[in-house]
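Enquirer: Encoded as structure tokens, here's the structure I'll be asking about.
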Amino acid sequence: MTSSETYNSTGVEYYSIQNFEFSNGITKDIKLAYKSLNPTSEKKALVCTCFAGIINTTLNFSTGALKEYHVITIAMLGNGESSSPSNDPSFPADYSLRYQDCVNAQYILLTKHFDIKSLDVVVGFSMGGQQANYWSVIHGSSPTPFVKNAVVICGSAKTSGHNYAFLEGPIAALTTSFDYDGGKYKAKGVKPRQGLRAFGRAYAAWLTSPEWFRQELWRKVGAASLKDWLYPAEGKAGHEAWDPEDLLTLARMWQAGNIGDVGGNGDYREALKGVETKVLVMPSQTDQYFPPEDGENEVKYLKNGVFDPIPTVWGHMGGASANEEDAHAMFSTRCPLYVFTRKYHYWYYYFTYIAGASATASTQIRTVTTVSVYATNSLAADALFTSLRSNIALPMPTQTDTSFSGTVPSLTGPAPATYPTPNNPHTSSSNGTTTAATTSAVHFHLSRGKFEGWTCGLLGRIGSECRLLNGSPCVANGQNASPRSAHKTLDAGS
């Protein structure tokens, strides 16, 4: 944990657990540090801390996405606030702490101290996200799961080999430093500051992304140059204030992350298959150690999983709201629910085709209707729109339509110069008069609608209609088409 001179203890409380049994078989008394916000709210949310994170630097969303929730932030074991090597001489010193130890202790605190019968949501970033995955397996695999929803931000169900190898770099930089001295620094009564600074430099290239460095975005975090980013002033390096054994304990637990240890008979994929909790997986698109491909693969095995990567060049830091735009991309402050769906607009057009005349986009196109689709990402929106469009009633053009002119809205992208010969000719009518089939119409949409705004809720079904769980229709503007075929897309959490 950070040094006592800089530690912010505002609102932090402690809960003691006697005879707690660790996964390595050791039994001892421990304490958990926590912070409780909005305690009178009926809905309950747990927020887990991340690597090198403490309670009061952890995003808790209590004034935004979780403002209607009783939010409890619990420091994981080993972080220096809860029982850790730095504050408990008898804490396991062999780096055998595991995520299931953290979850088991947190469960005791929630159920014994707060008398919580179920959690509406568990939210975590990085190692906090890995804890959320463990929660989903340990307390979310029954038909009536204790954890209803989980949000995994820049985490994984299993630490990959690449992730493991990355961590060996910072660990080696610390443990082989001259002032760490093979762990003898304690007996000498010194702190291995140079080893801790080296830990940070080995970490620095991985924390963001190559594009972040290309754009020199270190300037946005206060560094005047790349050198300043890598070599901050003495006493200013992020990891320099931490206890080295706390960092190593957390890093080794991170490396050992695998929900297969608590479910699925050792196979993390089988463990995911058994999860009943609704899980939102939100990796950063440029995360170098929790890459989006890991999350995309994991969602394939979840019954109720949603994959929604964060578009950012800030790498892993993009999930920690280090950049204001990324913070908005993750959570809208207007949303009271854990899953935040985006609103996409699609446009249907038709043009009138008169025999012998050219049909160009600039003179012969007209908008028929605008359809708004709510989905967690653009791919899901496309799939949902495709399943809905055949059920959307479109007005048929009349002869009077031949006189209009208009252009395709620029926000959909450039329109093609000409359109193909109409493929669904019909007899149009005007004022009840049937005319010859000299006017035809083609119905189509321009690929990919425009993203606009946010809404709340997890896509699901209510009766036979396609709706958000908050009751709002999936399709706005009076086009509440809701065929059952759409539910396959929604239920799969695409």
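The values are calculated or read from the model by the stated rules, or taken from the named source; none is laboratory data. Only a predicted model underlies this, so the values are computations on that prediction, with no experimental measurement involved. No Cβ is skipped: glycine too gets one built from the backbone with ideal geometry, and neighbour counts run over all protein chains shown.
Enquirer: Among (1) within 17 Å of Pro39 (Cβ to Cβ); (2) touching a strand residue (DSSP E or B) at 6+ places or on another chain (Cβ under 7 Å), which single condition is Ser90 missing?
Expert: (1)
Enquirer: If you scan segment 254-282, which residues turn out to be assigned to a loop (DSSP other than H, G, I, E, B) and free of Cβ contacts under 8 Å to residues at least 40 places away in the same chain? Don't jump to the end; show me each part of the working.
Expert: The first filter runs over segment 254-282 and keeps only residues assigned to a loop (DSSP other than H, G, I, E, B), leaving 256-257, 262-263, 267, 274-277.
Asp267, the sole residue that qualifies.
Enquirer: Scan segment 291-325 for residues that are under 16 Å from Asn149 (Cα atoms) and of a type in the set (A, V, I, L, M) and jot them down.
Expert: Val299, Leu302, Val306
Enquirer: Being in a helix (DSSP H, G or I), of a type outside the set (A, V, I, L, M, F, W, C) and at pLDDT below 95: is that true of Lys186 here? Show your work before the answer.
Expert: On the way: in a helix (DSSP H, G or I): yes; of a type outside the set (A, V, I, L, M, F, W, C): yes; at pLDDT below 95: yes.
Taking the combined requirement at face value, the residue satisfies it.
Enquirer: State whether one or more residues within segment 68-83 are polar (S, T, N, Q) and at pLDDT below 95. Break it down stepwise before answering.
Expert: Looking only at segment 68-83, we keep the residues that are polar (S, T, N, Q), and these are 73, 79, 82-83.
Checking which are at pLDDT below 95 leaves us with none.
No: segment 68-83 contains no residue that is polar (S, T, N, Q) and at pLDDT below 95.
Enquirer: Something else: Ser41 passes all but one of (1) within 24 Å of Ser126 (Cβ to Cβ); (2) surrounded by 16 or more Cβ atoms within 10 Å (Cβ to Cβ); which number fails?
Expert: Of everything listed in (1) within 24 Å of Ser126 (Cβ to Cβ); (2) surrounded by 16 or more Cβ atoms within 10 Å (Cβ to Cβ), Ser41 misses just condition (1).
Enquirer: Now for a different question. Among the residues of segment 92-139, what is the count of those that are over 19 Å from Val71 (Cβ atoms) and either outside the structural domain of Gly264 (by TED's automatic domain parsing) or not acidic (Asp, Glu) (or both)?
Expert: The first filter runs over segment 92-139 and keeps only residues over 19 Å from Val71 (Cβ atoms), leaving 92-101, 104, 130, 133-134, 137-138.
The next check asks that each one be either outside the structural domain of Gly264 (by TED's automatic domain parsing) or not acidic (Asp, Glu) (or both); those that pass are 92-93, 95-100, 104, 130, 133-134, 137-138.
The number of residues fulfilling the criteria is 14.
Enquirer: Determine whether Met1 is at pLDDT below 95, in a loop (DSSP other than H, G, I, E, B) and either under 20 Å from Asp246 (Cα atoms) or not assigned by TED's automatic domain parsing to the domain that holds Gly260 (or both).
Expert: Values: at pLDDT below 95: yes; in a loop (DSSP other than H, G, I, E, B): yes; either under 20 Å from Asp246 (Cα atoms) or not assigned by TED's automatic domain parsing to the domain that holds Gly260 (or both): yes.
In short, yes.
Enquirer: Can you name the residue in segment 210-248 that is over 30 Å from Pro92 (Cα atoms) and aliphatic (A, V, I, L, M) and, of all such residues, is farthest from the chain's Cα centre (by Cα)?
Expert: Step one: list which residues in segment 210-248 are over 30 Å from Pro92 (Cα atoms), which gives 210-234.
Within this subset, residues satisfying the condition of being aliphatic (A, V, I, L, M) are 217, 221, 223-224, 226, 230, 233.
Numbers: Leu217: 22, Val221: 22, Ala223: 28, Ala224: 31, Leu226: 29, Leu230: 28, Ala233: 34 Å.
Out of the qualifying residues, it is Ala233.
Enquirer: Are there any pairs with C-beta distances below 9 angstrom linking a residue in segment 283-303 that is assigned by TED's automatic domain parsing to the domain that holds Thr159 and at positive phi to a residue that is surrounded by 22 or more Cβ atoms within 10 Å (Cβ to Cβ) and modelled with pLDDT of 95 or more, with the two at least 6 apart or on different chains, and if so which?
Expert: Cβ pairs passing all conditions: none.
Enquirer: Any residue that is among the basic types (Lys, Arg) and part of a loop (DSSP other than H, G, I, E, B) - is there at least one of those in segment 190-212?
Expert: Let us first name the residues in segment 190-212 that are among the basic types (Lys, Arg), namely 191, 193, 197, 201.
Of the ones still in play, those that are also part of a loop (DSSP other than H, G, I, E, B) are 191.
Within segment 190-212, one or more residues are among the basic types (Lys, Arg) and part of a loop (DSSP other than H, G, I, E, B).
Enquirer: Answer yes or no: is there a residue in segment 117-124 that is more than 21 Å from the chain's Cα centre (by Cα) and buried (at least 23 other Cβ atoms within 10 Å of the Cβ). Give the steps one after another, and end with the answer.
Expert: Start the filter on segment 117-124 by keeping residues that are more than 21 Å from the chain's Cα centre (by Cα), which leaves 117-118.
Applying the additional criterion that residues be buried (at least 23 other Cβ atoms within 10 Å of the Cβ) yields none.
Within segment 117-124, not a single residue is more than 21 Å from the chain's Cα centre (by Cα) and buried (at least 23 other Cβ atoms within 10 Å of the Cβ).
Enquirer: Continuing with the same structure: If you scan segment 104-153, which residues turn out to be more than 21 Å from Ala33 (Cα to Cα) and in contact with a Cys (Cβ under 6 Å, 6 or more places away or on another chain)?
Expert: Scanning segment 104-153 gives no hits.
Enquirer: Continuing with the same structure: For a quick check of your reading of the model, give me the residue pairs whose first member lies in segment 157-170 and is touching a residue at least 24 places away in the same chain (Cβ under 8 Å), whose second is acidic (Asp, Glu) and surrounded by 14 or more Cβ atoms within 10 Å (Cβ to Cβ), with beta-carbon atoms closer than 7 Å and at least 6 apart or on different chains.
Expert: Ala157/Glu298; Ser160/Asp294
Enquirer: Right, something else. Among the numbered criteria (1) closer than 22 Å to Ala165 by Cα; (2) part of a loop (DSSP other than H, G, I, E, B), which single criterion is violated by Glu234?
Expert: Glu234 satisfies every listed condition except (1).
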